[in-house]
Every structure is written in structure tokens, then in C-alpha cells.
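The values are calculated or read from the model by the stated rules, or taken from the named source; none is laboratory data. Keep in mind that this is a model prediction, so the values were computed, not measured. All Cβ positions, glycine included, derive from the backbone under ideal geometry; neighbour counts span all protein chains shown.
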């Protein structure tokens, strides 16, 4: 069973539908017992970093999420769901993230381009574990104005170029996260989701 974490943000229906397309049982839940019982977790996120953290704190789910991560349960973060895995963000000063990874989330530095970075963009893959079966430089759908800057560059599994090199995906141990939206990225997005679903703990 895959649990999509419901903490009051994001288009949970499209995420649920995309993961259900793999044939797996998927639930959208804010119940801690469901998260403990699930085989894998999905942490979506839409909107501002600070709002996401505020909503997450209000659900009292942070200890459970961190516990499951520490227990090596596979987790997939999407968009701001990737960003809040880090320590903080320029978008929401004085708001702490989950701190799973060291590093910060910075505003995209592309003065000559429109912000947010919205639409399809090609990625460069560094760690193929989540990208098996895809072409070397696939396109994914992005909507964001900020991107994660990890202290450990080995976390970066894929990058995209938009005025500067952006973190498009991170992978470490049981944690997989993408800045782009796989649920909005057609067949290539579904392939990413299938690869995550097939990962063994």
C-alpha cells in the first residue's frame, strides 16, 4: 500500500491517480496509523515553503514522517515536498524545514527569464535509479520559483537548466524526490512513479 500524505496542500487527486495507475493500492491520508502501515509514502507539496510547513506542523505528522524515514521506508517527495526535506528556504525566512538533508532552498537566479520556471524542461540524469528505462535527457513538467541547494552535491540525482543549473531530483538511501511534477509529466512521469513503486525496501 502507498500512502499519499494529506496535510492540506496540493492537488492530491492527480497524485493519487498517477500512483494508482501502477496497479498498487493507494490511499490519501493524514492518519498516522495509515502512514505506519503503508509500504511507501508520498509527500506532495504545492505553494509556499512556509505554508507547507505550517500545515504539516498542524497535523502533528512530522514525528511520524521522520520516524518512517529513519526506519528506511521509501518516501517520494514532489515539488515543495522535495524542498521541505531541507533545512530552510529563502522563500520563508525563519521557517525550519524537516531537515532530513542539509542545505537550503534558494530563489532561481535567472533575471533574463520568467519566474516561476513553468512548463516542460529537459533534465540531465546523474543517478539513474529513479530514471531506469528513460532516454538520456527526458523532459518533465516544472512549476517553481525556488530550488534546493544541497550541501552534499552527491544528493543531486538530476539537474535542469533555467538560467542556472537547478536541482531537479535528489536521491539518498530510501528517499527519492523530484522538483518537477511526475503526475503532470505524461508517460515519462508515470515511468518514474513505476520505478519508485518497484523499489524494494
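Residue 47 meets the conditions (1) surrounded by 19 or more Cβ atoms within 10 Å (Cβ to Cβ); (2) under 17 Å from the mean Cα position of the chain (by Cα) in every case but one. The failed one is (1).
Looking only at segment 140-153, decide whether some residue is surrounded by fewer than 17 Cβ atoms within 10 Å (Cβ to Cβ), on the phi > 0 side of the Ramachandran plot and over 14 Å from the mean Cα position of the chain (by Cα). No, segment 140-153 contains no residue that is surrounded by fewer than 17 Cβ atoms within 10 Å (Cβ to Cβ), on the phi > 0 side of the Ramachandran plot and over 14 Å from the mean Cα position of the chain (by Cα).
Looking only at residues that are crowded, with 22+ Cβ neighbours inside 10 Å and assigned to a loop (DSSP other than H, G, I, E, B) in segment 66-96, which one is farthest from the chain's Cα centre (by Cα)? Only one residue fits best here, namely 86. Taken as a whole, segment 54-64 holds no residue that is modelled with pLDDT of 95 or more and either within 14 Å of the chain's Cα centre (by Cα) or within 19 Å of residue 168 (Cα to Cα) (or both). Reported count of residues in segment 4-47, each being part of a helix (DSSP H, G or I), in contact (Cβ under 8 Å) with a residue 60 or more places away in the chain and touching a strand residue (DSSP E or B) at 6+ places or on another chain (Cβ under 6 Å), is 2.
Applying the set (1) farther than 15 Å from residue 144 by Cα; (2) assigned to a loop (DSSP other than H, G, I, E, B); (3) more than 17 Å from the chain's Cα centre (by Cα) to residue 99 leaves exactly one unmet item: (3).
Please verify whether residue 65 is in contact (Cβ under 8 Å) with a residue 60 or more places away in the chain and in contact with a helix residue (DSSP H, G or I) (Cβ under 9 Å, 6 or more places away or on another chain), treating the condition exactly as stated. For residue 65, the condition - in contact (Cβ under 8 Å) with a residue 60 or more places away in the chain and in contact with a helix residue (DSSP H, G or I) (Cβ under 9 Å, 6 or more places away or on another chain) - is met.
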